[in-house]
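One structure below.
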Amino acid sequence: MSDHPTSASLSRRDAIGALALGAAVLPAIAHAAPATIVDAIAFDGFPIFDPRPVSALVKRLFPDRGEALAQQWNAKLFGYAWLYTSAGQYAGFDALADASLRYAAEALQLALSDRDRSALVGAYAQLDIWPDVRPALVKLRVAGIRLAFLSNLSEATLRANMARSGIAELFEQVLSTDRVRQFKPARAAYGMAIDAFGLPKSRIGFAAFGGWDAAGAAWFGYRTAWVNRLGVPREPIEPGPAIVAPGMEAVLALAGIA
């Protein structure tokens, strides 16, 4: 359970002030009272943090082959995550990111220095938020929705990005799959939110960046919003996400906020 602060319902004036000031006033906000579809929402990292600068750095370091390297690195990284989880093994996200990057570079016969490896893996901890994130998070908190990250990224990476963008006060939990040593879509990974929030899964929503993650969370039993930032095709898997939109409006709808 969390020691997250609670407070009485917000007045209209307080709510307007919270929207204007953002995270600075949020520690005093908890359950504001309007009836909602869910009481808490767990987020994958990338509906909040924009991962595109990682690929941009790859292309900057390897102008001629960067696109191919970025694609192969990403594919191998997810392949390793699923391989380790299905085999009952575990290594943290950074370790798998490094291993998959080295594999991709070798497969493409690219010389990859230790300095470039470090910069590329470290780029995951230097991400900014998408432009629509902060106002949406404040609206959620003003409405009394409890927020957490539930991500394959390490807790240190998540916290570094939170601090970079000044949104740490908006979240009461930072749940990395390091805790259960299984990557999503393992059920143990999604189940962290139930223990952290102390709520039944029927009262917890999940915000996914990838279609596969939206499917996994829906299979687990969470009401799920797919924040389809990149406009990729929907996975032909049922049950799918309850709500699909290109931005944080999907998450607001999940919470019943217009």
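Before moving on, here are some points about what is shown:
- Radius 12 Å from Cβ of Pro131, net charge of other residues (Lys, Arg +1; Asp, Glu -1): -1
- Helix 66-86 and the long axis of the chain differ in direction by around 70°, with both axes built from C-alpha atoms.
- Here the stretch 195-258 exposes an accessible surface that is 61 percent carbon and sulfur, computed with a 1.4 Å probe and the other protein chains kept in place.
- Computed from Cα positions, the angle between helix 12-21 and the longest principal axis of the chain comes to roughly 20 degrees.
- The reciprocal of the average 1/r between distinct C-alpha atoms defines the Kirkwood hydrodynamic radius, which for the stretch 88-228 equals 16.5 Å.
- Spatial offset of the stretch 98-175 relative to the stretch 186-258 amounts to 18 Å, using the alpha carbon center of each.
- Pairs of Lys residues in the chain, spaced 8 or more positions apart or belonging to different chains, with C-alpha separations under 27 angstrom: 4 in total.
- Per-residue [θ]222 nm for the chain (sum of -39500 (n - 2.57) over DSSP H runs n ≥ 4, rounded to 500): -13000 deg cm²/dmol
- Neighbours of Pro47 by Cβ distance under 11 Å: Lys/Arg scored +1, Asp/Glu scored -1, total -3.
- Tilt relative to the chain, helix 52-61 - C-alpha long axis, 0 to 90 degrees, to 10: 20 degrees
- In the assembled protein chains, Trp73 presents an accessible area of approximately 10 Å² (probe radius 1.4 Å).
- Ordering Gly144, Ser202, Ala186 by the projection of their Cα atoms onto the charge dipole of the stretch 144-202, which places +1 on the Cβ of Lys and Arg and -1 on the Cβ of Asp and Glu, puts Ala186 at the extreme positive end.
- Excluding ligands, DNA and RNA, the accessible surface per residue across the stretch 57-140 is 53 Å² with a 1.4 Å probe.
- Entry for Cα extents along the principal axes in Å (calculated from the structure that is shown) out of (1) 61, 35, 33; (2) 71, 44, 33; (3) 52, 44, 39: (1)
- Percent RCO, i.e. relative contact order, over the stretch 132-207, from Cα pairs under 8 Å lying at least 6 residues apart: 29 percent
The values are calculated or read from the model by the stated rules, or taken from the named source; none is laboratory data. Worth saying up front: this structure is predicted, and the values here are computed from it rather than measured. Don't worry about glycine lacking a Cβ; one is built from the backbone with ideal geometry, like all the others, and counts go over all protein chains shown. SASA here: full protein model, heavy atoms, side chains in, ligands and nucleic acids out. Shrake-Rupley method; radii C 1.70, N 1.55, O 1.52, S 1.80 Å.
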